[in-house]
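Heads up: the structure comes next, in structure tokens.
The values are calculated or read from the model by the stated rules, or taken from the named source; none is laboratory data. From a predicted model like this one, the values you see are computed outputs, not experimental measurements. Reconstructed Cβ throughout: ideal geometry from the backbone, glycine too, with neighbour counts over all protein chains shown. Side chains included, ligands, DNA and RNA excluded: accessible areas come from the protein's heavy atoms. Shrake-Rupley method; radii C 1.70, N 1.55, O 1.52, S 1.80 Å.
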Amino acid sequence: MNIRIAHIYPDMLNLYGDRGNIVVLTRRMESRDISVHTDLITMSRSFNADDYDLLFIGGGQDFEQDVLLDDLKKGKDTQIKKAVNSGIVVLAICGGYQMLGKYYKTYDGKVLDYIGALDFYTEGREDRMIGNYAFKTSEGIEIAGFENHSGRTYLGSGVEPLGKIIKGYGNNGEDSTEGVRYKNTFGTYSHGPVLPKNSQFADLLISKALQRKYSTSQLPPLNDDFERKAHRQVMKLYM
Ligand code: GLN
């Protein structure tokens, strides 16, 4: 089996080592004899979503999000939308997550018109939401992460939240929701990177990609003693 990953804007959107998510996905697949090929989709490089099984977009600051906008509109927006709608696995973090929505209004009033692949919008405020946080997905997976954003995201009726806040702010600090979920698209504010601390979440993404491509979601278990210990430890700190 082979999984092809498109890493969108790897150089511009890589806050807090978000590319570590690709490392974890790759290691966890290769340990199960699934080969992985990753293409770095930088600015000005075009890509076709149909060539990939998984798209990853990291987080950035308002500055990078603004700079990327022109490039995004030259075709990557259409391909990302296609990926979302055709059930390709998409993992998007913070600024990358915000890009999937309709728009992001920065705290100083600039409106960045985004892809609109999903039914939500984000509005920034001067005070930022920063800190270690935790949330629980609808499957009951407890995810420990780190958030730092000024944007408040408000979900529309066409999408589900990725999880419910256990501790911290999440989407907006008001409605206890965190992230977004639609088909096989997962958006989250969780930097860190998120997957090394949350191997169950990594396996959920891998199993969705395998299900879509090979109609199997069975993953042989790995020795996750360290990962589970690390996860339990950070969850304790967060409580
Ligand atoms: N620019 C966004 C915000 O501050 C995203 C920040 C991030 O990716 N950490 O809301």
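A single member of R152, R128 is within 9 Å of the ligand (Cβ to nearest atom) and surrounded by fewer than 15 Cβ atoms within 10 Å (Cβ to Cβ), and it is R128.
Determine if the range 106-114 includes at least one residue that is closer than 20 Å to H7 by Cα, within 15 Å of the chain's Cα centre (by Cα) and open to solvent by less than 50 Å² (accessible area, probe 1.4 Å). Even if it seems obvious, please write down each step before you answer.
Keep residues of the range 106-114 that are closer than 20 Å to H7 by Cα, which gives 114.
Keeping just the survivors that are within 15 Å of the chain's Cα centre (by Cα) gives none.
No, the range 106-114 has no match at all.
With respect to the conditions (1) surrounded by 22 or more Cβ atoms within 10 Å (Cβ to Cβ); (2) under 14 Å from E178 (Cα atoms), E142 falls short on a single one, namely (1). Count of the range 33-59 residues, restricted to those that are open to solvent by 10 Å² or more (accessible area, probe 1.4 Å) and not in a strand (DSSP E or B), is 12. I'd like to check something: does the range 15-32 contain any residue that is within 16 Å of the ligand (Cβ to nearest atom) and either without any contact (Cβ under 8 Å) to a residue 24 or more places away in the chain or open to solvent by 50 Å² or more (accessible area, probe 1.4 Å) (or both)? Checked against the condition, which is being within 16 Å of the ligand (Cβ to nearest atom) and either without any contact (Cβ under 8 Å) to a residue 24 or more places away in the chain or open to solvent by 50 Å² or more (accessible area, probe 1.4 Å) (or both), the range 15-32 yields at least one hit.
Among the residues here, L222 qualifies as among the aliphatic types (A, V, I, L, M) and open to solvent by 40 Å² or more (accessible area, probe 1.4 Å). If the condition is being without any contact (Cβ under 8 Å) to a residue 24 or more places away in the chain, under 13 Å from D62 (Cα atoms) and either within 12 Å of the ligand (Cβ to nearest atom) or touching a strand residue (DSSP E or B) at 6+ places or on another chain (Cβ under 7 Å) (or both), then the range 88-113 contributes Y103, K105, D108, V111.
Name the one entry in S150, S176 that is in contact (Cβ under 8 Å) with a residue 24 or more places away in the chain and among the small types (G, A, S).
Every option except S150 fails the conditions.
Based on this model, can you work out whether E147 counts as buried (at least 19 other Cβ atoms within 10 Å of the Cβ), among the acidic types (D, E) and touching a Phe, Trp or Tyr at 6+ places or on another chain (Cβ under 6 Å)? Reasoning before the result, please.
Values: buried (at least 19 other Cβ atoms within 10 Å of the Cβ): yes; among the acidic types (D, E): yes; touching a Phe, Trp or Tyr at 6+ places or on another chain (Cβ under 6 Å): yes.
Answer is yes for this residue.
State whether the residues of the range 2-24 include one that is of a type in the set (D, E) and in a helix (DSSP H, G or I). No - not one qualifying residue is present in the range 2-24.
Which one is least open to solvent (accessible area, probe 1.4 Å), of the residues in the range 60-81 that are over 30 Å from Y214 (Cα atoms) and more than 16 Å from the ligand (Cβ to nearest atom)?
Start the filter on the range 60-81 by keeping residues that are over 30 Å from Y214 (Cα atoms), which leaves 60-74.
With more than 16 Å from the ligand (Cβ to nearest atom) added as a condition, the list becomes 70-71, 73-74.
Details: D70: 112, D71: 16, K73: 90, K74: 165 Å².
Among those that are over 30 Å from Y214 (Cα atoms) and more than 16 Å from the ligand (Cβ to nearest atom), it is D71.
Residues to consider are G187, G170, G192; find the one that is within 16 Å of the ligand (Cβ to nearest atom), under 14 Å from the mean Cα position of the chain (by Cα) and open to solvent by 10 Å² or more (accessible area, probe 1.4 Å).
On the way: G187 fails: open to solvent by 10 Å² or more (accessible area, probe 1.4 Å); G170 fails: open to solvent by 10 Å² or more (accessible area, probe 1.4 Å).
Going through G187, G170, G192 in turn, just one is within 16 Å of the ligand (Cβ to nearest atom), under 14 Å from the mean Cα position of the chain (by Cα) and open to solvent by 10 Å² or more (accessible area, probe 1.4 Å): G192.
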